[in-house]
Structures are given as structure tokens and as C-alpha cells.
Amino acid sequence: MPALNLTCWSDLRQALTDHLDPSGQHGFEGLMARLLAAETGKPFYLARSGDQPTGDAYSPMAGVSIQAKLYKKSKVAGSAVEADIQRVLRECPLTDVYILATTKADSQLKLRLEKLTEETGVDLLLLVLDGTMIPLGALCVKHWGILKQFLPELMASADE
């Protein structure tokens, strides 16, 4: 495989969408679970395929649920996100934080999550890697070693 050379956020987004599956332990869901486990110091458990009442990954010790959406072209549908959040809160009432990690979003979704935060009292965080919204990219850079496990094609010189 050719080496990946990441020089900007769009390169990282392209690498994620081109080289990772959306789901599973070795896909985008697994990457998000590992990154957030590293960030919080708490274990995250991936949900089985199919019915996911706790989201794609959940940390009962941290009270955090993750929904991971890897998109090449389309964007996250706000109504689907809202339904996912309501289901998680119904099934896991001890959830304190709900994180939506995605490679595509828009300002309307951010506003919708802010409104839902006010309504539910649960912190709803949007981690996006799209254009100028880069919190997801910052998390990847902070935990570069984990990113390299998911994208082994990253150039060795990027570690220096």
C-alpha cells in the first residue's frame, strides 16, 4: 500500500473515509472508542451490529455514549441523530455525555444538539472533521499512535 502523507485536515478526512470501514472494531467506530478511551482513561465497549441501544460504543464507568458516522459525501441527518439520542437516554438513563463523531456535519446539526442539551440536561458533543470544524482531527493528532494503528499507511516521518 502506498504511504499516506497528511498535510491538512482534508487529507486526514480523506484517509479516514478511504481506508476505514464505517463500523466494527477495526473501523471508524473502533477508532472513536479507542480515541475516547485514551482521552478519558475509561474503557469503551463497542455495541454489536444491529440493535444498538447504547450507541456504537459505551463507557458505563464514564457515562458516555458514542455514535460514530463515517461519511464520504452525505451528511448526518439531524432527525436520525435526535432519534438515536432519545433511544440512548431511554435505554441508558445514566448517560451523562453523548458524543456524535462524524466526518460530515453542518451548523444546523450543531445548533440542534445545543438545543437538545438544554432540553435533556445531557452534554451532547459534536466531534467533526470537516472543513474548519476540527475537534475530531485534534483528538486524532493528540493520540497519533492510536490513529497509526488504524491507518498503518501513515508516513513514518510524521512521527518525528
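Computed across the stretch 9-155, the Kirkwood hydrodynamic radius from all distinct Cα-Cα pairs reaches 15.2 Å.
On the basis of the beta-carbon distance and an R0 of 25 Å, Leu94 and Arg48 show a calculated FRET efficiency of 0.80.
Computing FRET efficiency as 1/(1 + (r/R0)^6) for Trp144 and His19, where r is the C-beta to C-beta distance and R0 is 25 Å, gives about 0.95. Against the main long axis of the alpha-carbon atoms of the chain, helix 78-91 sits at an angle near 60°. Computed in the context of the full set of protein chains, the accessible area of the chain at 1.4 Å probe radius has 52% of its extent on carbon or sulfur. Length gained on full extension, Met61 to Asp106: 13.1 nm, using 0.36 nm per residue less the C-alpha separation. Solvent-accessible area of Lys75, all protein chains in place: 100 Å² (probe radius 1.4 Å, heavy atoms, ligands and nucleic acids excluded). Taking amide H positions as modeled 1.01 Å from N, with prolines and chain starts lacking one, the residues under 5 Å from Leu125 and 5 or more places away or on another chain are Tyr98, Ile99, Leu100.
When DSSP beta bridges are restricted to pairs lying wholly in the stretch 9-155, around 35% turn out antiparallel. Mind checking the angle between helix 107-120 and the chain's longest principal axis? C-alpha axes, 0 to 90 degrees, to the nearest 10. Roughly 40 degrees, rounded to the nearest 10. Label point 7 Å out from Leu125 along Cα-to-Cβ: which residues of the stretch 71-98 have amide N under 11 Å? Under 11 Å, as judged by backbone N against the label point of Leu125, lie 97-98 of the stretch 71-98. Probing with 1.4 Å while keeping every protein chain in the model, the per residue accessible area of the stretch 9-155 equals 49 Å².
The values are calculated or read from the model by the stated rules, or taken from the named source; none is laboratory data. Please read all numbers here as calculations on a predicted model, not as lab measurements. We place every Cβ from the backbone using ideal geometry, glycine too, and count neighbours over all the protein chains shown. Remember, those area values only see protein heavy atoms, side chains included, never the ligands or the DNA or RNA. Shrake-Rupley method; radii C 1.70, N 1.55, O 1.52, S 1.80 Å.
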